[in-house]
Amino acid sequence: MASIMERIAEAERQADAILEEANRTARESVTRVKAEAEEAIAAADEQGRARVADALVLARKNGEGIANDVARKAKEETDALISEAQKNVSEAVAYLMERIEATV
């Protein structure tokens, strides 16, 4: 039969073994959680970059559409001004011819 001292020593050994196992399990858990967190951060970073790239493509597409609209409107306005100027040129030439003929 084991003495009380031997039973206490055995209980202490068991407590130390349990403590070691708990420490090992905690270290493994921390390592696993840290790796999972790093993977989650990397995935979030990748998703963020993909979203930014998609937004950039969309912005360029929208920008090109806006630029095309502005260019089209500017061309229409320019064409209208040229047309009006051409009408005025004919009238101006006729007026100048009248003035020249009146002075001759």
Unique match (being among the charged types (D, E, K, R), part of a helix (DSSP H, G or I), surrounded by 10 or more Cβ atoms within 10 Å (Cβ to Cβ) and modelled with pLDDT under 95) among Glu28, Glu101, Glu84, Glu38: Glu84
Just to be sure before I move on: is Ala22 at pLDDT below 95 and in a helix (DSSP H, G or I) in the structure I sent? no
Single unsatisfied condition, Ala55 versus (1) part of a loop (DSSP other than H, G, I, E, B); (2) within 21 Å of the chain's Cα centre (by Cα): (1)
Cβ-Cβ under 8 Å, sequence separation 6+ or interchain: first residue in region 10-25 and among the charged types (D, E, K, R), partner surrounded by fewer than 10 Cβ atoms within 10 Å (Cβ to Cβ). Which pairs? Glu10/Ala2
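The values are calculated or read from the model by the stated rules, or taken from the named source; none is laboratory data. Predicted model, so just to flag it, every value in this text is computed and none were measured. Please note: Cβ atoms are built from the backbone with ideal geometry, for glycine as well, and neighbour counts cover all protein chains shown.
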